[in-house]
Amino acid sequence: MRTQVAVVGAGPAGLLLSHLLALHDIDSVVVENRSRAYVEARIRAGVLEQGTADLLIDAGLGDRLKAEGLRHDGIHLQWPGTRHRLDFRELTGRSVWVYGQTEVVKDLLAARHEHVHFEVAGTALHDLDTDRPSVSFTDSSGTPRRLTADVVVGADGFHGVSRETIPAALRTQWERHYPFGWLGILAEVPPSTDELIYAWHPDGFAMHSMRSPVLSRLYLQVDPAERIEDWSDERIWSALETRLGLDGWTLDRGPVVDKGITPMRSFVSTPMRHGRLFLVGDAAHIVPPTGAKGLNLAVADVAVLARALEAFFGSGRTDLLDGYEERALHRVWRCTHFSWWMTTMLHTTGDALDRELQLSQLRYVCSSTAAATGLAENYAGLPF
Ligand code: FAD
Ligand code: DHB
């Protein structure tokens, strides 16, 4: 098989790249080791930056986003006794959109599913230092295949094979594991809040998010070693009520339809380019979820790479491809810092000094326009 761009991974990054390239008549094929149903059902991120939403709309993928997405002009920051609203629109002129990653992926697959090989096995990358790199795999019927391309894009997430194909001696990795995880639930109950609540509490961080007017998404800081079996629905709701509690406000409960615990880490790996291989999204970097940057950062990488590939295939220009890594990394490090900062401000460690520093920072962000603008600018997203 021959294509112009071989894409490994049908997550949001790989599918979006394939779609943007198709708009410029650039041919691509995506290989994915999971089934379409699995990819569409995987519950992950829920907040799109203004730039992400604009890009999806401009790419013709915005019909459901415009009809079903919820525009949020701010968030609430909370600590015991105080809930403070930050108005992003007033501070930065920008908003965010609550629209699940599952929905983004469904919209992308509706456009691109004919160009995806699902349920492949044994994905391997070859000849990356030549101008005819290739991807080999076994397709869902058990037939070995090889996809030859001009460029290979590794969009296969943190656990994929693309990053590891770059020789270890050439890679530099920065990594931090946090001593907490997020226990997340999806509940069939209208959200008890108009906008997201990020709450500091002595028992640990809690967050109230949503997916639609009838679906709530809520998170609790837990020890990453906790087992989800030890968290009954009653125990989860009770902890959420305590940590999100505020006089005069009630949290409505409903049936829990999904729950799980996610570990939290910061991770950046360079290079993001090796010969004809380009890495995008979680394949190259992971941020802790506080601040909702993971999906948006994957989309930002793709926006930069798509433009570079358009110039390469359109007119043979290589300067944008050569500049991809530097351009992408500026945003990667900005988001890595912001996600670390939000995480550090909001998650309790049990340390008395940390507690006072966190509360001081929260009071500052909620009382200084300069500090609030810094948070709002990063949260709503800097322009691509
Ligand atoms: P992925 O979505 O990981 O997609 C990679 C794809 O490659 C997958 O479909 C995978 O099956 C496929 N693949 C892997 N290996 C191979 C292979 N060898 N061959 C072929 N295909 C392969 N971000 C937020 O902003 N907020 C959140 O609440 C949030 N929650 C998250 C919860 C979890 C459990 C995880 C893992 C991530 C979460 N994130 C969250 C991060 C966000 O979802 C990611 O940043 C985003 O999915 C990145 O997209 P991606 O396309 O780069 O990678
Ligand atoms: C969601 C996840 C986040 O990491 C975040 O900061 C806000 C919302 C969510 O899943 O809805």
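A short reminder: the numbers here are calculations on the coordinates, not readings from a lab. On a predicted model such as this, the values are computed, not experimentally measured, just so you know. Cβ: placed from backbone, ideal geometry, glycine included. Neighbour counts: every protein chain shown.
Here are the numbers for the structure shown:
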{"quantity": "Cα long-axis angle, helix 12-23 against the chain (0 to 90 degrees, to the nearest 10)", "calculated": "50"}
{"quantity": "Spherically averaged projected area of region 132-271 from its Cα convex hull (nm²)", "calculated": "13.1"}
{"quantity": "Overall Cα dimensions of region 286-384 - principal axes, largest extent first, Å", "calculated": "58, 27, 18"}
{"quantity": "q = 0.15, 0.27 Å⁻¹: log10 I(q)/I(0) that the Debye formula gives for region 138-211, counting C-alpha atoms only", "calculated": "-0.86, -1.39"}
{"quantity": "Inter-label distance for ARG235 and ASP194, nm, one decimal - labels placed 7 Å from Cα along Cα-to-Cβ", "calculated": "3.6"}
{"quantity": "Calculated [θ] (222 nm, deg cm²/dmol) that DSSP helices of n ≥ 4 give over the chain, each run adding -39,500 (n - 2.57)", "calculated": "-11500 deg cm²/dmol"}
{"quantity": "For THR138, net neighbour charge (Lys/Arg +1, Asp/Glu -1) across residues whose Cβ lies under 15 Å away", "calculated": "0"}
{"quantity": "Rounded to 5, the percent of DSSP beta bridges in the chain classed as antiparallel", "calculated": "75"}
{"quantity": "Mean separation of Cα contacts under 8 Å, 6 or more apart, over the residue count of region 259-315: relative contact order %", "calculated": "28"}
{"quantity": "Percentage of interatomic Cα-Cα distances in the chain larger than 27 Å", "calculated": "49"}
